[in-house]
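Have a look at the structure below before the remarks.
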């Protein structure tokens with residue numbers, strides 16, 4: 001390099017734009033032509049990255065506003081729904097991200113001091129930590145996708161916040177529920193309406209607005225009892241099954257109160273059936289209406305995990321809003337429908353521990369899905385930033401291996417590290433806000 | 001770094017930051033001790049905030065405690081990892097300005113949020129009561 005230490009303001013010549021003759025005697029080939037010197041270039045870049053970081057703060061602040069508003073108005077949702085998150089994963093991810101921030105800051109120091117090996121090591125460690133963060137996030141996300149703990153209308157969890165079995169709206173959870181779907185088209189029970197999570201009750205199939213008038217149940221002892229109830233509303237305080245707390249005792253068909261308890265109602269909302277009535281099991285027709293592609297159905301769920309040989313349902317259904325698949329089954333006026341027999345085989349018996357967990361958790365509040373809408377929006381946007389950061393650090397790693405960073409040209413390392421710190425910073429707030437709700 | 005560059009840099013920065021003398025080359029070099037102390041404190045504070053959740057101080061105090069620890073951690077990151085303590089004052093102005101703008105955003109949104117928590121659906125069978133008083137007359 002040419003050396004003109006005492007001519008910092010010498011007019012630029014046609015020197016290939018490297019700025020090597022800008023008068024500082026050690027010019028990195030990456031000092032751009034239009035800057036006075038390395039300091040000028042560095043400071044310009046630094047101002048730019050700080051403006052970008054300010055924009056990032058504002059960018060994320062919109063999601064924080066959504067979080068704060070929703071938590072302010074619905075604290076019960078947060079205190080219930082955060083139990084779906086595993087603090088262990090969140091804490092490990094926090095530590096991983098803090099460590100990667102440390103190595104990113106150290107990478108800047110190495111670049112400033114021209115320690116090439118240290119720089120490469122620090123950048124590589126940062127990338128490994130970022131990938132580990134995403135790996136843990138993958139474990140968390142895949143668990144949530146598997147259990148249908150998702151955002152918006154896709155929230156249909158198979159387990160309660162306490163980890164217990166949960167009866168769900170669409171009966172999507174394989175192999176654990178004692179449910180049956182009644183197909184009014186054939187009068188027979190079908191296995192279930194939904195096979196895919198992305199099936200939307202409002203899109204395909206037929207929607208039926210049905211009111212169950214009467215149930216006929218035969219218990220294990222062979223006795224047949226009939227009782228009438230409205231399926232909308234809440235579970236009764238007193239269990240119709242005679243107040244026994246365990247599911248086996250509740251199996252006694254003879255303990256059903258016939259007919260006369262028509263005024264009682266059962267819960268038609270999502271949640272743990274066993275958690276109601278002081279832990280006593282109750283009948284719980286699932287979300288109404290159920291939608292089937294073949295015909296119109298009522299999804300009946302029994303939260304007590306009791307096997308039933310024969311169940312008969314009488315229901316009154318109103319006209320379906322879009323009867324494309326059911327023909328003129330419910331053309332206009334409400335019809336009385338009687339359904340055939342069905343056997344209901346529970347596939348999962350709650351253990352005493354699980355029952356206690358369900359009782360302790362209590363019925364879930366409404367609109368828990370909003371928590372996960374916010375959760376996925378915030379962690380998702382943060383995750384995208386992490387992915388982008390990995391790309392930037394890979395680029396830096398390649399340049400560092402090529403030896404392109406010198407004490408007078410390490411701006412990119414510094415700027416990327418600043419970006420990485422702001423990603424860490426946002427996670428520092430996300431972790432207590434999402435995982436550590438008391 | 002040539003003497004000219006160092007001098008011009010310090011001339012710009014010395015008044016803005018008492019730690020300008022620590023600068024090496026283009027910017028401040030964070031000592032290893034500072035980096036390790038910051039990283040260690042952040043990890044310790046993470047453990048503290050997790051443990052604090054297990055103690056029941058009441059929902060509000062737990063939330064305030066968690067947020068206080070988060071703010072402390074964020075401050076450590078900004079001051080030492082992001083070099084803001086040694087950096088130009090103007091960068092601090094930008095960053096604090098962004099946070100103030102975000103606070104303004106939150107504050108103004110929270111100010112009248114209670115006004116929108118009830119949905120009033122027009123019911124033709126039970127219209128809202130007419131305003132009390134005589135109807136306005138024409139002219």
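The values are calculated or read from the model by the stated rules, or taken from the named source; none is laboratory data. Small disclaimer: the values here were computed from a predicted structure and weren't measured. With ideal geometry, Cβ positions are generated from the backbone for all residues, glycine too; neighbour counts draw on all protein chains shown.
Has the range B:110-117 got at least one residue that is within 8 Å of chain A (Cβ to nearest Cβ) and crowded, with 19+ Cβ neighbours inside 10 Å?
Looking through the range B:110-117, none of the residues is within 8 Å of chain A (Cβ to nearest Cβ) and crowded, with 19+ Cβ neighbours inside 10 Å.
Would you check if there is a residue in the range A:145-154 being out of contact with any strand residue (DSSP E or B) (no Cβ under 7 Å at 6 or more places or on another chain) and surrounded by 20 or more Cβ atoms within 10 Å (Cβ to Cβ)?
yes
Go through the range A:359-397 and count every residue that is surrounded by fewer than 18 Cβ atoms within 10 Å (Cβ to Cβ) and modelled with pLDDT under 95.
5
Within the range B:66-78, track down each residue that is touching a residue at least 12 places away in the same chain (Cβ under 8 Å) and either loosely packed, with under 15 Cβ neighbours inside 10 Å or more than 9 Å from chain A (Cβ to nearest Cβ) (or both).
Scanning the range B:66-78 gives B:72, B:76.
Name the residue that is farthest from the chain's Cα centre (by Cα), counting only residues in the range B:87-109 that are under 25 Å from residue A:78 (Cβ atoms) and facing another protein chain (nearest Cβ under 7 Å).
It comes out as B:109.
Listed here are the residues, each with its yes/no results for (1) more than 11 Å from chain B (Cβ to nearest Cβ); (2) under 29 Å from residue A:72 (Cα atoms).
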residue: A:366; (1), (2): yes, yes
residue: A:381; (1), (2): yes, yes
residue: A:394; (1), (2): yes, no
residue: A:404; (1), (2): yes, no
residue: A:416; (1), (2): yes, no
residue: A:420; (1), (2): no, no
residue: A:426; (1), (2): no, yes
residue: A:433; (1), (2): no, yes
residue: A:436; (1), (2): no, yes
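Of all residues in the range A:124-142 being without any contact (Cβ under 8 Å) to a residue 40 or more places away in the chain and more than 14 Å from chain B (Cβ to nearest Cβ), which is farthest from residue A:435 (Cα to Cα)?
Per the criteria, the residue is A:128.
Name the residue that is farthest from the chain's Cα centre (by Cα), counting only residues in the range B:23-33 that are within 9 Å of chain A (Cβ to nearest Cβ), on the phi < 0 side of the Ramachandran plot and free of Cβ contacts under 8 Å to residues at least 60 places away in the same chain.
B:24
Could you go through the range A:114-123 and let me know if any residue there is surrounded by fewer than 21 Cβ atoms within 10 Å (Cβ to Cβ), within 21 Å of residue A:409 (Cβ to Cβ), modelled with pLDDT under 95 and within 10 Å of another protein chain (Cβ to nearest Cβ).
Within the range A:114-123 (the criterion being surrounded by fewer than 21 Cβ atoms within 10 Å (Cβ to Cβ), within 21 Å of residue A:409 (Cβ to Cβ), modelled with pLDDT under 95 and within 10 Å of another protein chain (Cβ to nearest Cβ)), the answer is yes, since at least one residue qualifies.
Name the residue, out of B:84, B:45, B:51, that is free of Cβ contacts under 8 Å to residues at least 12 places away in the same chain, surrounded by 14 or more Cβ atoms within 10 Å (Cβ to Cβ) and more than 8 Å from chain A (Cβ to nearest Cβ).
Answer to the check: B:84.
Among the candidates A:350, A:436, single out the residue that is buried (at least 21 other Cβ atoms within 10 Å of the Cβ), within 24 Å of the chain's Cα centre (by Cα) and either at pLDDT below 95 or more than 26 Å from residue A:90 (Cβ to Cβ) (or both).
The conditions single out A:436.
When you look at residue A:105, is it part of a helix (DSSP H, G or I), at the interface with chain B (Cβ under 9 Å from one of its Cβ atoms) and either more than 27 Å from residue A:404 (Cβ to Cβ) or touching a strand residue (DSSP E or B) at 6+ places or on another chain (Cβ under 6 Å) (or both), yes or no?
Against the criterion (part of a helix (DSSP H, G or I), at the interface with chain B (Cβ under 9 Å from one of its Cβ atoms) and either more than 27 Å from residue A:404 (Cβ to Cβ) or touching a strand residue (DSSP E or B) at 6+ places or on another chain (Cβ under 6 Å) (or both)), residue A:105 does not qualify.
Since residue A:76 meets every condition but one in (1) surrounded by fewer than 17 Cβ atoms within 10 Å (Cβ to Cβ); (2) modelled with pLDDT of 95 or more; (3) more than 10 Å from chain B (Cβ to nearest Cβ), which condition does it not meet?
Failed condition: (2).
Being at pLDDT below 95, over 23 Å from residue A:399 (Cα atoms) and at the interface with chain B (Cβ under 7 Å from one of its Cβ atoms) is the filter here, so list the residues in the range A:25-57 that pass it.
Result: no residue meets the conditions.
Residue check: is residue B:53 part of a helix (DSSP H, G or I), at pLDDT below 95 and more than 16 Å from the chain's Cα centre (by Cα)?
It is true that residue B:53 is part of a helix (DSSP H, G or I), at pLDDT below 95 and more than 16 Å from the chain's Cα centre (by Cα).
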